[in-house]
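Mind having a look at this structure? Questions to follow.
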Amino acid sequence: MNRKHYGVITFPTSQAAAAAEAQVKAAGYECRLIPMPEQISAGCGLVLQVSVEQTLDIQKQLRDRQISLEGSYEVWFENRKKFVQKMEG
Amino acid sequence: MKKIDAVGQACPIPTIMTKRALKEHTGEDLLVSVDNEIATQNLSKMAEQLKLQAHVNKISAELYEVLISSDSKETVSTEETAKTERVPSQDYIVVLHTDSIGSGNEELGRTLLKSFIFSLTEQEKLPAKMLFYNAGALLTVEDSPILDDLKALEEQGVEILTCGICVEFYGLKDKLAVGGITNMYRIVELESIYKTVMP
């Protein structure tokens with residue numbers, strides 16, 4: 001996983017994120033649970049970290065499987081500063 | 001040459017005995033006998049900190065000799081070393097003495113620990129060092145759930161140190177997968193000079 005540029009998918013609850021992690025892993029994608037970036041929400045849930053190139057594909061597959069998710073974001077760093085932007089899909 | 005017999009002494013006693021002898025016999029060579037490899041690593045590390053030379057000689061599986069000598073004529077006292085180790089006030093170290101954060105649900109504690117370490121990798125200012133002891137030693141060995149993050153931190157200059165007596169206690173001596181070994185004497189020293197973050 002690129003540590004300086006990756007995608008995150010957010011879910012209604014941390015439990016839903018954990019359930020999605022198992023499915024996404026089973027589908028052969030690299031992913032892991034990480035804390036919610038504070039730029040997305042002040043809440044302290046978990047989100048799914050995925051490759052930025054695969055984010056929208058994974059989001060679509062999860063939606064096709066009726067897994068409720070909130071959205072996808074692109075995360076990148078410049079001079080150790082973190083930037084987050086919503087991805088449309 | 002002064003000889004020190006630290007065979008049978010538990011960590012960090014050999015280091016303490018040696019440090020004391022260096023203070024009392026400044027400038028003299030020291031020959032320290034110990035019974036395990038971790039003790040030799042601790043002594044070598046201490047010698048390096050004091051800008052002295054250490055040569056390890058393995059006599060048998062249960063006997064090692066470490067020759068500590070100074071190259072130059074200049075004498076080094078532990079007080080002088082302490083002075084050189086002043087650190088910038090914003091520098092900090094992270095200490096992990098469990099493999100699960102906080103009390104309550106252990107599974108949640110392990111999830112929180114993984115989140116803590118991931119968040120650490122994304123801090124603008126990384127810690128100078130990370131110290132691991134007791135169950136924290138389970139985090140720096142093969143199969144650690146946070147090994148990738150620790151390796152990434154080490155690549156960026158964070159020194160990862162695990163307590164030798166803990167590694168030995170858990171039978172993980174050959175499984176250390178990131179960073180080096182340290183002792184309680186050094187841990188106390190580092191915790192006293194750095195701002196210490198202990199989740």
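Readers should treat all values here as calculations from the given coordinates under stated rules, not as data from a laboratory. Everything quoted here is computed from the prediction, not taken from an experiment. Every residue, glycine as well, gets a Cβ built from its backbone with ideal geometry; the counts of neighbours run over all protein chains shown.
Grab the other residues whose beta carbon is less than 12 angstrom from that of residue B:36, score K and R as +1, D and E as -1, and report the net.
Local charge sum for residue B:36: -2.
Run lengths n ≥ 4 of DSSP H only: what is the helix-derived mean residue ellipticity at 222 nm for chain B, with -39500 (n - 2.57) per run over all residues, to the nearest 500?
After summing the helix terms and dividing by residue count, I get -11000 deg cm²/dmol.
Which value, in debye to the nearest 20, gives the size of the charge dipole of the protein assembly as shown about its Cα centre, when Lys and Arg are +1 and Asp and Glu are -1 at the Cβ?
Taking the Cα centre of the protein assembly as shown as origin, the dipole is about 420 debye.
Another question, then. Where the only charges are on Cβ atoms (+1 Lys, Arg; -1 Asp, Glu), what is the dipole of chain B about its Cα centre, to the nearest 20 debye?
Roughly 460 debye for chain B.
Return the equivalent ellipsoid semi-axes of the protein assembly as shown as a descending list in whole Å, where each equals the square root of 5 times an eigenvalue of the C-alpha gyration tensor.
Over the Cα atoms of the protein assembly as shown, the ellipsoid semi-axes are 47, 19, 15 Å.
Mind running the shape call on the stretch B:92-197? Use the C-alpha gyration tensor, a ≥ b ≥ c as the square roots of the eigenvalues: rounded below 1.5 for a/c, prolate if a/b tops b/c, oblate otherwise.
Judged from the Cα gyration tensor, the stretch B:92-197 comes out rounded (a/c under 1.5).
Quick one: angle between helix A:14-26 and the longest Cα principal axis of chain A, in degrees between 0 and 90, rounded to 10, please.
Helix A:14-26 sits roughly 70 degrees off the main axis of chain A.
Let me ask something else about it. Looking only at other chains, what is the average number of their beta-carbon atoms within 10 angstrom of each beta-carbon in B:101-114?
1
Additional query: Using C-alpha positions alone, give me the convex hull volume of chain B per residue in cubic angstrom.
Spread over its residues, the Cα hull of chain B gives 125 Å³ apiece.
Just want to confirm a number: the relative contact order over chain B, from Cα pairs under 8 angstrom separated by 6+ residues, in percent.
Computed value for chain B: 19 percent relative contact order.
Counting pairs on different chains as well as pairs 8 or more places apart, how many Lys pairs in the stretch B:97-199 have Cα atoms under 19 Å apart?
Going through the stretch B:97-199 pair by pair, I get 9.
Further question: Pull up all non-local amide H partners of residue B:95: gap of 5 or more, or a different chain, and H-to-H distance under 5 Å with H placed in the peptide plane.
Those lying under 5 Å, H to H, from residue B:95 are B:131, B:197, B:198.
Okay, moving on. For peptide A:25-35, compute the average count of partner chain beta-carbon atoms within 10 Å of each residue's beta-carbon.
Going residue by residue through A:25-35 and averaging, the value is 2.
Here's another thing I want to ask about it. Across the Cα atoms of chain A, what radius of gyration and what greatest pairwise Cα-Cα distance (Dmax) are found, in Å?
So, for chain A, Rg and Dmax equal 12.0, 39 Å respectively.
Can you pull out the cysteines in chain B that have no other Cys Cβ under 4.7 Å?
B:11
Moving to a separate point now. Once you've got the GNM for chain A with C-alpha springs shorter than 10 Å, pick whichever of A:45, A:28, A:71 has the biggest mean-square fluctuation.
Answer for the Gaussian network model of chain A: A:28.
Counting only other residues whose beta carbon sits under 9 Å from that of residue B:122, what net charge do I get with K and R as +1, D and E as -1?
+2
Of all DSSP beta bridges located in the protein assembly as shown, what percent are antiparallel, nearest 5?
65
Which residues does the label zone of residue A:5 cover in the stretch A:39-62, counting backbone N under 16 Å from a point 7 Å along Cα→Cβ?
Under cut-off, by backbone N: A:50-56.
If you average the sequence gap of Cα pairs under 8 Å that are 6 or more apart and divide by the length of the stretch B:92-197, what percent do you get for the contact order?
In percent, rounded to a whole number, it is 30.
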